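**Student:** I'd like to ask some things about the structure below.
No value in this document is a laboratory result; all are computed from the given coordinates. Computed from a predicted model, the values in this text were never measured in an experiment. Note: ideal-geometry Cβ built from the backbone for every residue, glycine included; neighbour counts use all protein chains shown.
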Amino acid sequence: MIETQLNDGTPVYIRRVRPEDEQRLRDGIAQLSPQSRYLRFFSGMREAPPQVLAALVRADGHDHIAWGALRSDLPGTPALGVVHAFRDADDPETAEFSVAVVDAYHGRGLARLLTAVLLLDCAREGLTQFAVHILPENRPALALARSLGAAGVGYEAGVSLLEIDIAEALVALRAEPDVPGLAAVFAQFAAAAG
């Protein structure tokens, strides 16, 4: 578990996603606005199908790596966001990367905190690159990807395809001056993930 804070001082902790987090994940998806659900899932679904939820919480730490952020000072420690990396079966050094943050926490540094943890864990698991699929109208996601050094590699069925070099993205995040909680992530990761 990594204890840190958002840009406004809100305390959070970041830990691996576990099967018992299925209800938290369901609740988090329900808190996304219709626009956020569309930008994240490329559909307007109001809730994820049960088989999708079950798959999202069954992270094995190698082929599927997932971390979630919880609000540590509120009853029930509600979920605020989650990141996933799914290893590509055809290219075992590449993983598909995704991040979702509930709307009330947008713009507070949480996506970068979660991404830093995921990048560190993926590097330790031998991954070198993220593949990212982003709708062109999802400007915040594109800005995050570009801040991590993403390179556009194509456009398919209305979706922008990008690649992120994990080592370069970690360098960029270590130099990020606007997210003070990142220092705690880098300092605590080795102990927390071990």
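**Student:** Above 19 Å lies some portion of the pair distances; for the range 2-187, what is it as a whole percent of all C-alpha pairs?
**Tutor:** Value for the range 2-187: 56 percent of Cα pairs lie more than 19 Å apart.
**Student:** Also: Can you give the relative contact order of the chain as a percent, counting alpha carbon pairs under 8 Å and 6+ residues apart? Walk me through the numbers before you get to the answer.
**Tutor:** Values: 354 pairs, mean separation 41.9, N = 194.
That works out to 22 percent.
**Student:** Suppose only helical runs count, i.e. DSSP H with n ≥ 4. What mean residue ellipticity at 222 nm does that imply for the chain under -39500 (n - 2.57) per run, divided by all residues and rounded to the nearest 500 deg cm²/dmol?
**Tutor:** Numbers: 7 runs with 71 residues, N = 194.
The per-residue figure over the chain is -11000 deg cm²/dmol.
**Student:** Shifting gears a bit: When the chain is fully extended, how far beyond the present Cα-Cα distance does residue 146 get from residue 18, taking 0.36 nm per residue of separation? Can you show the working numbers first?
**Tutor:** Numbers: separation 128, 0.36 × 128 = 46.08 nm, distance 2.97 nm.
Going from the current span to full extension adds 43.1 nm.
**Student:** Right, something else. Whole Å is fine, so just give me how far the alpha carbon centre of the range 144-194 lies from that of the range 1-26.
**Tutor:** When both Cα centres are located, 18 Å separates them.
**Student:** Could you give the length gained by full extension between residue 26 and residue 1, i.e. 0.36 nm per residue of separation minus their alpha carbon distance, to one decimal place? Kindly include the intermediate steps, with their values, before the conclusion.
**Tutor:** On the way: separation 25, 0.36 × 25 = 9.00 nm, distance 2.14 nm.
Full extension from residue 26 to residue 1 adds 6.9 nm.
**Student:** How high is the FRET efficiency between residue 51 and residue 157 when r is their beta carbon distance and R₀ equals 22 Å, given to the nearest 0.05?
**Tutor:** On the way: r = 23 Å, r/R0 = 1.03.
Taking R0 as 22 Å, the efficiency between residue 51 and residue 157 is 0.45.
**Student:** Still on this structure: Between residue 90 and residue 186, what is the spin-label point distance in nm, taking each point 7 Å from the Cα along the Cα→C-beta axis?
**Tutor:** Result for the modelled spin labels: 3.6 nm.
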